[in-house]
Amino acid sequence: MTAFLTRTRGRGRLDWTDWFTYLYLALGLFLMFGPVAWLVLSSFKTESAIAEFPPRLLPMGQKQVVVPGEDKPKPVFRVKLPDGSVKELAELRRIGLTSTMVDPAKPDDLVRVPIDARTPVREFKLATENYTDLAAKFDFGQYLWNSVFITIVATIITLLFNSMAAFALSKYRFGGRKVVFLLILSTLMVPPTIVLVPNFLVVSELGLLNSLWGVIWPAVATPTGVFLLRQYMLTLPDELLEAARLDHASEWRIYWRIVLPLTAPALAVLAIFSVMWRWNDFLWPLVVLTKSEKFTLQLALNAFQGDLVTQWNYLLAMTVITLLPVTVVFAFLQKFITQGIASAGVK
Amino acid sequence: MATLNLRQVTKEFDGTRVIHGVDLAVADGDFVVFVGPSGCGKSTLLRLICGLEGVTTGDVEIDGARVNDVSAADRGLAMVFQSYALYPHMTVYKNMAFGLENIGMPRAEIESKVRNAARLLRLDALLERRPTQLSGGQRQRVAIGRAIVREPRIFLFDEPLSNLDAELRVSMRTEITGLHERLKATMIYVTHDQVEAMTMADKIVVLRSGRIEQVGSPLDLYNRPANRFVAGFIGSPQMNFVPVRVESTSGSSVTVALPGGRGLSLPVGHGAPAAGTPLVLGIRPEHLYPATDGNALLSLNVEQLEQLGGHSLIYGAVEGSDARATMHVAGQTSVRAGSAMGMAMDTAHAHLFAADDAGAAL
């Protein structure tokens, strides 16, 4: 790994191309990874730390100590005392422009200082309550369940429907199969926003508004999936199907026992795509789901941005949680994804 | 165990006729080999018999019953494909059991049938492996095993040995003929390799461009080829063809002028051609031998030699024509490339063919 990362073109020393390459890579890393890192770090900041100016990268909180005789931990300040010395003291209370401070080591010795003589002492501190509060403050579990339900069910149906269509288009010879295939492919060229209104009308007529199924059904037939699976199934030898036919296998059985298992690599790719599409989907759920108990995580995120107040700390924490599944899927299955992109030429 | 009859079977693909009215009768227990150059329609004919393709016109009959409209599965045939077509995601056992599961056979019965077939083919130890973990010969045996467990009326083999190396091909050849003897089943075997055809068949069907050129036992075809195509296709090295001209005819024999001027009198079966008709003389390499004391009929300009120890092959051009000839000589030879030599022939094995494209034997 280290050898790979520190590989150079010049032997033993850095060629100018090395400088250029590493600079370029570093810039790319910063541009792509910077916002994500900022998001994750900020999601651990308290509300006040987020609003702080100038902004800091790391989540810092004010240091707090337990003062004997007090119930709650008290914030620590660095105080410039009248005699010119600087000390770290805990603030007991503040009245007007005067603050009452105490040295935690000597709790009986109270010091009164003007507030402009003290500066807060900061330390690295993760505001994990951003995450733990989420479940309690919002109907987070419900949103998560809605998202998971839509993603899993839509993916299963997508795989089933698309593979059946792909099987017919790749393995049966019938009049007009090229036309059908081209029709399916041509829908790739229609932007989703164009069919948004017709789709909405259909879903509305079917009484599927504010139903998770209203999000699932319009999304399951994907031209990309049909195309990807068809291309893969074309590589399966026809002799296999003929052998199965001679083996008294019905067409359904050929599909289920022979074609589907052998298409597993392409199905895996489509499953990954489908999970990412459905999980990240925003526009369509936004149109179909209007009741907050039906919201997916993406919609909930959006609803978090109030007209007057936005609780950025919670919003950021929720964004991180929303990103996690897709990131995990991508990290573990990236081999299949690249393979799928290479084999089908789709994104 | 079954008989098969093809009656005036034709097949067209998109209006192109690839099988032209084939008639064929296969008796119960026969081992029939379809042989011919690639593209001659032999595999198509097999698929028509099997039911994977429908005939355009004509009838396919199995055991006397017309099966044109019977599906491939219900014809009671089993096919061994060129690529074996094993299900890659199933174990050897599953591969063989799949067809039996599909007809709802009880589990115990399937198990005993598969085990029996596996024993017959020495696959017992491999039942839990997947096809990718097997060698070519083992895969071949699994494919045959899958056919055996179904106890078909007729076995169909579509160039089953073409993916194996030469050595394995020889041993699989004897294995398949051994299987035929044990099962006594009707088998139809497609190959482009005339050696396989000669060694395995009870009956060879030579096909060219969708037509049957000749049907007969291997030695029948070898000794009495019906036309120049069959004569050239059966036998290795190929039969030599030398252009000749009829000099005179007398009843059932004809005297032809050989290149180089010598005359040769040969019997003809029917209708001796008129004097002056061009013909083609066919003579196999092993029926030519170096001339001694003036019995030379042809002169050969030797171009190349192949000394194989046990026998030698001499290649060259026939003096006085543009024909080339091969001579098979027993043992080793002292002939040199570049020299000329006289050739005598065993005239009892000489054939005369018409010089036209059909090249029918006279």
Burial ranking of peptide ranges B:345-356, B:277-288, A:184-195 (average Cβ count within 10 Å, highest at the top): B:277-288, B:345-356, A:184-195
Sparse-neighbourhood loop sites, trypsin sites (Lys or Arg not before Pro) in the range A:116-173 - DSSP loop, at most 13 other Cβ within 10 angstrom: A:Arg173
Average beta carbon contacts from partner chains per residue of A:261-271, 10 Å cutoff: 1
Listed peptides A:97-103, A:296-302 by packing density, highest first (mean Cβ within 10 Å): A:296-302, A:97-103
Label point distance in nm, A:Thr2-B:Leu308, each placed 7 Å from Cα along Cα→Cβ: 6.6
Distance histogram in 10 Å bins (all Cα pairs of the range A:64-120, percent per bin): 26, 60, 14, 0
Relative contact order (%) - criterion: Cα under 8 Å, at least six apart; region: the range A:134-344: 34
Antiparallel %, DSSP beta bridges [both residues in the protein assembly as shown], to 5: 85
Long pairs among A:Lys291/A:Lys335; A:Lys63/A:Lys106; A:Lys125/A:Lys291, criterion Cα-Cα beyond 30 Å: A:Lys291/A:Lys335; A:Lys125/A:Lys291
Between the range A:244-302 and the range B:223-257, the alpha-carbon center distance in angstrom: 70
Cα→Cβ-extended label distance, 7 Å offset, between A:Met189 and A:Gln334, nm: 3.5
Rounded Å value of the spacing that divides the Cα centres of the range B:145-163 and the range A:183-215: 51
Interchain or long-range residues, amide H under 5 Å from B:Ser299's placed H: B:Glu319, B:Met343
Net length gained if the chain between A:Leu31 and A:Arg112 were fully extended (0.36 nm per residue, minus Cα distance): 24.3 nm
Partner lysines for A:Lys294 [C-alpha distance under 21 Å; skip if fewer than 8 residues away on the same chain]: A:Lys137
Above-threshold pairs, the threshold being 26 Å between Cα atoms, out of A:Lys171/B:Lys42; A:Lys171/B:Lys113; B:Lys11/B:Lys203: A:Lys171/B:Lys113
Footprinting exposure proxy for A:Ile156, A:Ile254 (fewest neighbouring C-beta atoms within 10 Å first): A:Ile156, A:Ile254
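Read the figures in this text as sums done on the coordinates, not as results from a lab. A quick note: this is a predicted structure, and the numbers were derived from the prediction, not measured. Every residue, glycine as well, gets a Cβ built from its backbone with ideal geometry; the counts of neighbours run over all protein chains shown.
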